[in-house]
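Since the structure comes first, as C-alpha cells, the remarks are kept for the end.
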Amino acid sequence: MEHSPPVVNAESPSREFLEQFVHVQRRLYVFLLAQAGSPQIADDVLQNVNVVALSKWQQFEPGTNFLAWVYRIATLELLKYRQKSARNKLVFNDDYLAQISNAVTELSEQSEQRRQALAFCLKKLKKKDRELVRLRYQQGLDGETLSEKLSRPINSIYQSLGRIRRALLTCIEKQILLEGRQ
C-alpha cells in the first residue's frame with residue numbers, strides 16, 4: 001500500500017517550529033519554576049504558555065531567537081497567573097520576577113553553551129577515555145563495577161576519571177573563551 005505525502009496545512013505549525021517548540025520545553029519549565037517557586041504553578045503556567053505559543057505560531061519569525069520568543073510568552077502568562085492569584089499571601093513583585101527571569105535566561109544560555117562545549121570536548125577524548133566516561137556517567141556504573149568490568153584496579157579507575165574531568169574542564173573553559181571572542 002502506497003503512502004501519500006502528508007498534507008501541509010497552513011493552520012498547522014511547521015515541522016521546524018514544532019521541533020524548536022519541543023526542544024525548549026525543559027528550559028521553559030525551569031524558567032517558569034524559578035519564577036513561580038512551585039512545580040504545580042510552573043506546570044499550570046507551562047500548559048498555558050504551550051497553548052498560546054501553538055495558537056500564535058504564525059507570529060514567530062523564522063530565523064529569530066525562538067527561546068526568547070517563548071520566554072516572552074511565558075513571562076506574560078506568568079504575570080496573568082499572578083494577577084489571578086493576587087489574593088494569595090505570598091506574591092512576588094514584578095521587579096523581583098523580572099530579575100529572576102533575567103537571571104534564569106542568562107543561566108539557561110550559559111548552560112546550553114557549556115553543554116555544547118562539553119559535547120565538543122568529549123569528541124576530542126581518546127576512545128578509551130570516552131568509553132570510561134560513557135560507562136561511568138551514562139550507564140551509572142560505580143567504581144567497583146568499572147574495576148571488575150575493565151579489569152583495572154579501582155584506584156586506577158578513579159585516577160583516570162579525575163584526569164578526564166580535569167581535561168574536560170580545561171577544554172570546556174577554552175572552548176567557551178574561543179566562542180566568546182568570535
Practice prompt. Return the Rg/Rh value of the chain, two decimal places, where both radii are evaluated on C-alpha atoms and Rh is the Kirkwood radius.
Written response: 1.11
Worksheet item: Where nothing but the Cβ of Lys and Arg (+1) and of Asp and Glu (-1) is charged, how large is the charge dipole of the chain around its Cα centre, in debye to the nearest 20?
Response: 900
Worksheet item: How far apart, in nm, are two points set 7 Å out from the Cα along the Cα-to-Cβ line at Leu79 and at Gln40?
Response: 2.6
Practice prompt. Note the full-extension length gain between Val51 and Arg181 as 0.36 nm times their separation in residues minus their Cα-Cα distance, in nm to one decimal.
Written response: 42.9 nm
Worksheet item: What are the ³J(HN,Hα) values, in whole Hz, obtained from phi via the Karplus relation 6.51 cos²θ - 1.76 cosθ + 1.60 with θ = phi - 60°, for each residue of the stretch 130-145 in sequence order, with x given for Gly and Pro?
Response: 4, 5, 4, 4, 4, 5, 6, 9, 8, 8, x, 6, 7, x, 4, 5
Item to complete: Between Phe120 and Asp142, with labels modelled 7 Å along Cα→Cβ, what's the label distance in nm to one decimal, could you check?
Response: 3.7
Response to the item:
Per the helix-only model, the chain has a calculated mean residue ellipticity at 222 nm (DSSP H runs of ≥4, -39500 (n - 2.57) each, divided over all residues, rounded to the nearest 500) of -24000 deg cm²/dmol
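Just so you know, all these numbers are worked out from the coordinates, no wet-lab data involved. Keep in mind that this is a model prediction, so the values were computed, not measured. Using ideal geometry, Cβ is built from the backbone for each residue, glycine included, and neighbour counts are taken over all protein chains shown.
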